[in-house]
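The values are calculated or read from the model by the stated rules, or taken from the named source; none is laboratory data. Here the structure is a predicted model, which means the values were calculated and not measured. Using ideal geometry, Cβ is built from the backbone for each residue, glycine included, and neighbour counts are taken over all protein chains shown. The accessibility values were calculated without ligands, DNA or RNA, using every heavy atom of the protein model including side chains. Shrake-Rupley method; radii C 1.70, N 1.55, O 1.52, S 1.80 Å.
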Amino acid sequence: MVTTEDGNGPEPTGVEDLWLRELVEIPTDPETLAFAHDLGRRAPASYRERTTPEQAALDAVELRALFAGPSGGKHGTAETGATSDHRFAVRAPGGERFHIRRLATRPVELTALLPVLESFGLVVEESVPYRFDVREDLGVSIDDVGVHFVDLGAGASTFAPDEDGPRLVEALDAVVAGRTEVDPLNVLVAAARLGWREVSLLRAYTNYWAQCDPVVPPADVEEALIAFPAVSRALVSYFVARFDPAEEGPEASARAACVAELAKVPLLRWDRALRVVLSLVDATVRTNFFRPVPPGQANDTMALKLESASVPQLHPPLPRFETWVHAPSVEGIHLRAGLVARGGIRWSDRPEDFRTEVLDLMVAQVKKNAIIVPTGAKGGFVCRVPGRATLADVRRCYSVFVSSLLDITDDLEGGKVVGPAGVVAHDGADPYLVVAADKGTAELSDLANELSAAHGFWLGDAFASGGSHGYNHKTMGITARGAWVAVRRHFHQLGIDVQREPVLVAGIGDMSGDVFGNGMLLSEAIRLVAAFDHRHIFLDPDPDPATSYGERKRLASLPTSSWADYSPALISAGGGVWARDVKEIELNDRARRALGIDRERLSPPELISAILEAPVDLLWFGGVGTFVKATTESDSDVGDHANDEVRVTADRVRARVVGEGGNLGLTQQARIRY
């Protein structure tokens, strides 16, 4: 092999020499030309065979930007501060087929790239990877993927790579960076000529609708948006006309254009689904979509404040307002029964129906607040992270959720209401917002007040009760102590002193929870036979009061705990802790006697139902959910679908006393029947 004088690579000959001579003739800056020359010399022969000198020059531009670093070196290196590890580019347009090139510092498996491309409606015809070093310290990975679009739906735009390529590249970057999601709605980037944030807006509305226990299936809404991109584009245009402060076009004409596009939809099913989104835009009164974003900060979070009475087919009771927050890492909702309303924010473990959970809690909060403030509020969020969320994940998600609420809330300056920048309000002045502690957020009040201060919010450290400048409601255990007073009174009427005489208890919750955890420490005479939460089932058929009390106290003192942390050595024979997703649980004689059942094997849902029906002295509700209904009620009447599988009827509850420390453990009819 013939090498160059510096020994850095093969001497160009033949076709390669011709390719490099053509490269020299391309009008571009010397730095780009030198980099492209390095590519041509170092890349495998297949690169020169499939890449024209003009395309190589474009590759050089992308790679120089990728490897550019603060040191200002000739080309930069991976060590000099590359701002990203990849860049996408649209290349070689030709008819319906074109190429997407991924230029990167490290290779990626095609199996990881395929779902991303397919979510945009792209069919991958071929993929050619190039892996080489431009220099000893400068590795390059280029994936050349030949693609074409599938049928993009009725009224879809024709994709023009030169014109539409940058928007597609920006959307691909957003997906890979985690600023938006991989799902079929991404096809609207090409089909409806929407930016990735506009697609995220439609996704936010679709996901909100899924939380409303809707008559029109959310899947129909998503499918209709994809099938009719012209309607999707018109819906976004209406949203822009309604909320963009810089938009001068009349809102009414933008809405009329939506209705005109809807008239072209041939099927009633699709028409109903698309009119859901139109109605949701109508019901929206504020958004952070057009809020100015500080440099370096992600703009991937959507906050939509809706007037609940205007949301179609929403089941009562209706809040006055609800704010939906959607981001790749978190989703949440804040419900308020009135303008001046107080209530906590909880970390929910019910991703499928947390709006139902929060609504139930808001209804209870309205009653609790009757003698304190005019009415109640409640909020909840779920962490959308792989695996089990860590405390750090919860803090990040909570920050995003609370900041988004503040983004669209008015402020007070000198006694005058001042609206947030970039927010068009269709609901009048609204400067009151508080976020008390609740399940999973008891230690986050200081963080909330820091966010309030960063926003310059008028309530200051009164924004979130608790923390360094207030009370910690979990530490004080107010709710549990109040409920326990009622429990003591009931047992007093039965001639039992629950502070001294042992009582058998079954319950809903775990020791990390406020009501359950604090409640199960209010008497050392408690013999906790069984309990369950959303993760585990705990069974201790013959507990020693002193031993079990000490272990419960230990669990309650941990920063976070579950029944899985309970020491197995302290559980009586026949007991244990089981995850709720195991296939079945075998019960010995002691366990069956404690639960008052005959069956030796039960599935987790069956065992939970048996716990609710157990012949104990006290059934202690410390968690959220409605677990008991009347015989005359259906599960649909209850409206808590997450617990349909375990719910029992009131006539089968054998506990002598029910302590409803958690909210809405029984329906009202179930209370009467019990």
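Data for the structure
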| read-out | value |
| --- | --- |
| Enclosed volume per residue, in Å³, of the convex hull spanned by Cα atoms of region 364-491 | 157 Å³ |
| Farthest positive-ward along the chain dipole, Cα basis, beta-carbon charges - from Ala429, Phe538, Ala273 | Phe538 |
| Alpha-carbon gyration tensor eigenvalues x 5, square-rooted, for region 344-413, Å | 24, 18, 9 |
| Inter-label distance, nm, simple model (7 Å from Cα along the C-beta direction), Ala564/Ala486 | 3.3 nm |
| For region 529-561 and region 617-674, distance of Cα centres in Å | 22 Å |
| Average accessible surface area per residue within region 372-502, 1.4 Å rolling probe, Å² | 48 Å² |
| Solvent exposure, largest accessible area first (probe 1.4 Å, DNA, RNA and ligands not counted), of Ser279, Ser548 | Ser279, Ser548 |
| Cα centroid separation, region 387-420 to region 118-167 (Å) | 37 Å |
| With all protein chains modelled, accessible area of Ser572 [1.4 Å, Å²] | 20 Å² |
| Ranking by accessible area, most exposed first, for Ile496, Ile585 with a 1.4 Å probe | Ile496, Ile585 |
| Mean separation of Cα contacts under 8 Å, 6 or more apart, over the residue count of the chain: relative contact order % | 7 percent |
| Within the accessible area of region 203-343 (1.4 Å probe), percent carbon and sulfur | 55 percent |
| Phi-based couplings in Hz for region 582-592 (Karplus 6.51, -1.76, 1.60; Gly and Pro marked x) | 6, 6, 7, 10, 8, 10, 8, 4, 4, 5, 5 |
| If the convex hull is drawn through the Cα atoms of the chain, its volume per residue in Å³ | 211 Å³ |
| 0 to 90° range, to nearest 10: angle between helix 268-283 axis and the chain longest Cα axis | 80 degrees |
| Two-decimal Rg/Rh across region 553-674, once Rg and the Kirkwood Rh are taken from alpha-carbon atoms | 0.97 |
| Subset of Lys368/Lys439; Lys367/Lys439; Lys378/Lys439; Lys553/Lys583; Lys439/Lys553 violating a 23 Å alpha-carbon distance limit | Lys553/Lys583 |
| Nearest-ten-degree value, helix 354-368 long axis tilted from longest Cα axis of the chain | 40 degrees |
| DSSP bridge orientation in the chain - percent antiparallel, rounded to nearest 5 | 75 percent |
| Amide H within-cut-off set for Gly659, under 5 Å, with H built and near neighbours excluded | Leu619, Trp620, Phe621 |
| Beta bridges per DSSP with both ends in region 546-674, % antiparallel, nearest 5 | 20 percent |
| Set of region 522-557 residues, backbone N closer than 19 Å to the point 7 Å along the Cα-Cβ line of Glu584 | 537 |
| Accessible area of Leu202 in the full protein assembly, 1.4 Å probe (Å², nearest 10) | 10 Å² |
| Folded to 0 to 90 degrees: helix 218-227 orientation relative to the chain principal axis, Cα | 10 degrees |
| Average Cα contact separation per residue, region 394-470, under 8 Å, 6 or more apart, as relative contact order % | 30 percent |
| Length-normalised contact order of region 432-537 in % [C-alpha pairs under 8 Å, at least 6 apart] | 22 percent |
| The chain: calculated mean residue ellipticity at 222 nm from DSSP helix runs of at least 4, using -39500 (n - 2.57) | -11000 deg cm²/dmol |
